[in-house]
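K.L.:
There's a structure below that I have some questions on.
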Amino acid sequence: MPKIENKMPISKYSCGNIKVAIWDNTKEQPNGDLIGFKTVSFSRSYKKKEEQIWRNEVVSLRKNDLAKAILVLQKAQEELLLDEKEGDEE
């Protein structure tokens, strides 16, 4: 039975309730070789008022997903900020 390691992230960053961690991973190929790769976990913590319990939502991304995630988050932010400015002018 393979040993389960209690892995720690190689880097962590946080801003308020948003956290990102970078993980070093290995995967065994069919020929037995091990390859290394990194993943990023993106999480948001929140507390439900009626339950008084902290929750944590986590999404794991690979290196090639990061630029796409950043792009769509920036587009969403742009739209929300532009709508906010237009609403303020009325």
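The values are calculated or read from the model by the stated rules, or taken from the named source; none is laboratory data. Keep in mind that this is a model prediction, so the values were computed, not measured. We place every Cβ from the backbone using ideal geometry, glycine too, and count neighbours over all the protein chains shown.
K.L.:
So which pairs qualify, if the first residue must be in segment 46-67 and under 27 Å from ASN25 (Cβ atoms), the second must be part of a helix (DSSP H, G or I), the Cβ gap must be under 8 Å, and the two must be at least 6 apart or on different chains?
P.N.:
Within 8 Å, the pairs are LEU61/ALA69.
K.L.:
Report yes if ALA67 is over 12 Å from the mean Cα position of the chain (by Cα), modelled with pLDDT of 90 or more and loosely packed, with under 10 Cβ neighbours inside 10 Å, otherwise no.
P.N.:
yes
K.L.:
State which residue is surrounded by the fewest Cβ atoms within 10 Å (Cβ to Cβ) when the search covers only segment 24-42 and only residues that are closer than 19 Å to LEU66 by Cα and not aromatic (Phe, Trp, Tyr).
P.N.:
Taking segment 24-42 and keeping what is closer than 19 Å to LEU66 by Cα, we get 24-25, 36-42.
Applying the additional criterion that residues be not aromatic (Phe, Trp, Tyr) yields 24-25, 36, 38-41.
Details: ASP24: 13, ASN25: 12, GLY36: 8, LYS38: 13, THR39: 15, VAL40: 19, SER41: 15.
The selected residue is GLY36.
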